[in-house]
1. So what's the net charge close to GLY121: Lys and Arg +1, Asp and Glu -1, counting the other residues with Cβ under 13 Å from its Cβ?
2. Report the relative contact order of the range 68-230, percent, no decimals, based on alpha-carbon pairs under 8 angstrom and at least 6 residues apart.
3. Multiply the residue gap between GLU46 and THR13 by 0.36 nm, knock off their C-alpha separation, and tell me the result in nm, one decimal place.
4. Farthest toward the dipole's positive end in the range 68-230, which of VAL156, LEU176, GLY113, given Cβ charges of +1 (Lys, Arg) and -1 (Asp, Glu) about the Cα centre?
5. From the cross-link list LYS64/LYS191; LYS144/LYS191; LYS191/LYS233; LYS64/LYS144, which pairs have alpha carbons spaced over 28 Å apart?
6. Write down the Kirkwood hydrodynamic radius of the range 68-230, to one decimal in angstroms, obtained as one divided by the mean of 1/r over all alpha carbon pairs.
7. Determine the relative contact order of the range 47-161: mean sequence separation of Cα pairs under 8 Å and six or more apart, normalised by residue count, in whole percent.
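Values in this text are rule-based calculations from the coordinates and carry no lab data. Values in this document were obtained by computation on a predicted structure and should not be read as measured data. Cβ: placed from backbone, ideal geometry, glycine included. Neighbour counts: every protein chain shown.
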Amino acid sequence: MKTAARIAWRFLTHAKGQSILISVGIAVGVSVQVFIGSLISGLQIELVDTAIGRNTQVTVSAAKRGETVENYQAVVDQIVETRSDVEDVSPVVDASGFLRNSEGDDFPILLRGFELDRADGIYRLSESLVSGTLPGDGEVIIGKSLAQEAGIVDTVTLATPRGSTREAAVSGIFDLGTAALNDRWVISDLKLAQEVYGYGSGTASSIEMQALDPFLADAIASELKAVLPDTLKVTDWKSQNEQLLSGLNGQSISSLMIQIFVLFSVVLGIASVLAITVLQKSKQLGILKAMGIRNRDASLVFLIEGFLLGIAGAVLGVALGLGLAYSFTKFALNPDGTPVIALFIDGGFILLSAVIAVIAATLASLIPARRSARLDPMEVIRNG
């Protein structure tokens with residue numbers, strides 16, 4: 001083993017140009033994997049975060065349209081007891097209505113009443129405030145677009161379709177990053193929304209929650225359906241976003257196909273170059289075999305060469321790939337100066353890419369290794 005390693009190192013250092021060429025070839029392959037993998041992962045994370053990051057991922061509501069969830073706290077307790085991987089389980093009261101400004105103009109709204117400490121974890125309301133604070137007793141916050149359109153300053157009147165009204169102070173303005181929400185949502189605590197729509201203290205329109213792993217939302221929904229009463233239904237974001245999931249799967253498959261192509265190219269390139277090396281070094285190998293080196297050690301020479309070249313190429317490729325990904329986030333910018341795709345570094349994926357490159361380089365050296373083992377030393381020296 002030591003003898004084979006010394007010979008392999010000598011072959012590599014004596015043919016520096018060739019060694020550098022192979023290492024750079026491996027590095028290019030790894031860098032493409034790291035670069036594309038980082039961009040696609042970053043894009044997928046942004047898409048998922050945009051679609052569900054600030055939204056409910058699993059929702060429990062009444063099975064019949066127009067009905068409510070009674071004794072919601074018992075349902076919340078059962079949800080938490082059934083699944084420990086849900087968080088921010090929040091009862092919600094929401095219904096359509098109107099917001100009336102000081103001039104008597106009415107604007108259609110969706111009033112949403114939350115247990116704010118829990119709902120803040122789902123919708124990140126504190127982070128979304130443009131001004132003011134989260135609502136307290138008898139207060140609301142309204143969307144930025146609605147505030148501008150209605151010319152709201154301090155107080156508003158909340159009106160239901162049945163004609164009942166309730167005054168509320170405006171404690172803040174929010175921007176949830178979605179025009180439809182900023183145009184229509186008015187948010188209050190649970191108590192105010194219950195009072196506006198005549199709900200009892202234990203009544204909610206629905207119960208919303210997030211999952212520790214968003215991609216397990218369908219499994220969570222299935223288990224909750226099995227334990228909750230038939231009067232309730234459970235929906236999840238995956239069943240309502242099939243087009244998004246199809247797009248994510250398509251991106252993953254495209255990334256995998258690119259990586260397979262790059263891997264095949266690397267293996268083919270290394271095998272070809274090392275096969276030529278066997279021919280170039282055949283005389284030296286013949287002499288070494290005549291001196292007593294075993295076929296096994298002759299094969300190990302090229303396996304070790306492939307392994308060392310794989311390590312060098314993987315390290316260089318990871319550095320190059322991360323550099324390309326970082327540069328992309330600095331030059332590909334939105335009009336507001338933020339990156340088109342945020343940089344995402346998946347340590348596990350990068351390590352896997354490097355390990356695959358090393359294994360591929362080692363496996364690619366099997367062909368020249370077997371060829372070297374079959375060399376006849378006397379014939380090689382004679383034809384030298």
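1. On the way: positive: ARG54, ARG118, ARG124; negative: GLU87, ASP88, GLU115, ASP117, ASP120, GLU127, GLU208.
Charge balance near GLY121 sits at -4.
2. RCO, the range 68-230: 34 percent.
3. Details: separation 33, 0.36 × 33 = 11.88 nm, distance 4.58 nm.
That pair, GLU46 and THR13, stretches by 7.3 nm at full extension.
4. VAL156
5. Working: LYS64/LYS191 24 Å; LYS144/LYS191 23 Å; LYS191/LYS233 24 Å; LYS64/LYS144 34 Å.
From the list (LYS64/LYS191; LYS144/LYS191; LYS191/LYS233; LYS64/LYS144), the Cα-Cα distance tops 28 Å for LYS64/LYS144.
6. Details: mean 1/r = 0.0608 Å⁻¹.
That comes to 16.5 Å for the range 68-230.
7. Working: 104 pairs, mean separation 31.4, N = 115.
Once divided by the residue count of the range 47-161, the mean separation gives 27 percent.
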